[in-house]
1. If each of A126 and H12 carries a label point 7 Å out from its Cα toward its Cβ, how far apart are those two points in nm?
2. Per residue of the chain, what 222 nm ellipticity follows from adding -39500 (n - 2.57) for every DSSP H run with n ≥ 4, rounded to the nearest 500?
3. Which trypsin sites (Lys or Arg not before Pro) in the range 93-161 sit in a loop by DSSP (not H, G, I, E or B) and have at most 16 other Cβ atoms within 10 Å of their own Cβ?
4. With θ taken as phi - 60° and the coefficients 6.51, -1.76 and 1.60, list the Karplus ³J(HN,Hα) couplings across the range 75-87 in order, rounded to whole Hz; mark glycine and proline as x.
5. Using a Gaussian network model on the chain with a 10 Å cutoff between Cα atoms, which of D320, D24, D236 fluctuates the most?
6. Compare A234, A340, A182 in a GNM of the chain, Cα atoms joined below 10 Å, and give the one with the largest fluctuation.
7. Take every Cα-Cα pair in the chain and report what % of them are more than 38 Å apart.
8. Between S31, T20, P62, whose Cα lies farthest towards the positive end of the dipole of the range 1-65 when Lys and Arg beta carbons carry +1 and Asp and Glu beta carbons carry -1, centred on the Cα centre?
Amino acid sequence: MAKNSSRPVGRHFLQIPGPTTVPDRVQRAISQPIIDHRGPEFAKLAKRALDGIKTIFKTANPVIIYTATGTGAWEGALVNTLSPGDKVLMFETGQFAALWKKMAEKLGIVPEFIASDWRHGIDVKALEARLKEDKNKEIKAVCVLHNETSTGALTPIADVRKAIDAANHPALLMVDTISSLASADYRHDEWGVDVSVGGAQKGLMLPPGMSFNAVSDKALAANKTSKLPKSFYAWDEMLAMNKVGFFPYTPATSMIQGLVVGIEMLHEEGLENVFARHERLAEATRRAVKAWGLENLNKNDKQLSPTITAILLPEGHDADKFRALALEQFNISYGASFGAYAGKYFRIGHLADINDGTLVGALGITEMALQVAGIPIKKGGVQAAMDFLTSQHGAAAKQAAE
Ligand SMILES: *Cc1c(COP(=O)(O)O)cnc(C)c1O
């Protein structure tokens with residue numbers, strides 16, 4: 001084979017579970033001339049963004065927009081509602097849950113971690129049992145991830161809410177929906193979530209650098225008594241300024257221009273269609289994995305992620321080496337692996353502005369790269385994915401004709 005040229009040809013396959021590919025329309029919106037962040041044009045734009053983002057979280061309450069990545073909004077959720085020494089209950093779904101827990105410790109909160117093997121998502125019954133044991137109601141918040149991006153597990157948030165209610169526990173419910181918002185069904189108000197943490201660079205199709213806190217009335221009440229130090233992430237000043245269309249400091253005006261267009265695109269497609277598309281692409285990916293004879297890291301088929309699939313390689317094969325080979329030979333990026341499974345799996349992101357063709361291309365590359373890397377697989381993964389996608393489109397066409 002000829003030596004690879006230094007110029008990668010064609011579009012890079014960015015198959016990581018975020019940041020995702022930014023659609024041209026969003027890119028153009030971001031590229032508009034800079035506007036005055038205290039002027040009337042910005043006030044109109046801010047209103048569209050602040051109203052629009054509520055429709056994505058499905059909340060009637062205000063949503064705080066931070067100029068920070070998701071990690072910043074994690075901090076916002078904790079420091080605005082809790083006090084030093086407060087106990088919180090967290091669940092070890094994977095790497096991102098572990099990182100949020102580490103942050104809580106650094107902030108002087110006392111997290112209790114329900115341990116897990118990273119392969120089964122959340123155990124709602126264990127959560128409920130722990131809350132029932134907490135007779136003195138010392139646990140101030142339950143913090144879970146809607147979608148654990150490191151393992152591909154989707155938490156049933158409505159069930160978590162039911163578990164908290166069944167234990168008759170007053171803890172706040174905080175949910176990280178960074179890698180599921182605008183890709184999987186999410187209902188901040190209906191599910192009784194107190195703080196939802198979102199990010200821009202995944203389902204919302206924006207570049208990294210913006211994140212969100214959706215809040216409940218109970219969270220706003222907790223904010224009044226919370227004693228953790230807060231300044232940049234403080235809700236009160238932000239909410240007061242947002243009411244008149246402005247921010248306490250210079251907001252990321254260009255990103256807000258992009259956000260408005262991203263939200264517009266999601267509604268043009270229809271949120272239900274967006275969710276169905278993610279389900280379809282995820283199922284096609286899982287069928288490819290199965291046909292290759294490989295294993296999904298997540299063994300709980302009731303909590304499978306619609307946005308990312310983590311694929312274990314057979315014993316003795318290095319997933320990081322595989323990713324490097326695929327990047328060099330096929331110009332594709334996959335997500336990395338973490339923790340006890342570092343080097344043992346790779347992740348395919350199938351979220352945001354992605355269609356069936358892009359996914360089939362990515363799976364085709366994956367099937368080739370696995371073979372080039374000498375990883376023993378069965379052929380036919382791409383065919384299995386295409387057969388599934390074809391059946392789904394066929395069913396939809398039939399329904400439309402009736
Ligand atoms: C991406 C991600 C984060 C971290 O967000 P950053 O934007 O990298 O700070 C947190 N939680 C989940 C579930 C994520 O997918």
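Coordinate-derived values only; no laboratory data. The shown structure was predicted, so the numbers you read here are calculated from the model rather than taken from an experiment. Counting neighbours? That spans all protein chains shown, and the Cβs are built from the backbone with ideal geometry, glycine included.
1. Distance between label points: 3.7 nm.
2. Rounded to the nearest 500, the figure is -14000 deg cm²/dmol.
3. Those that pass, being in a loop and sparsely packed, are K135, K137.
4. Values, residue by residue: 4, x, 4, 6, 6, 7, 10, 10, 10, x, x, 4, 8 Hz.
5. Of the options given, D24 has the highest mean-square fluctuation.
6. A340
7. 22 percent
8. Value: T20.
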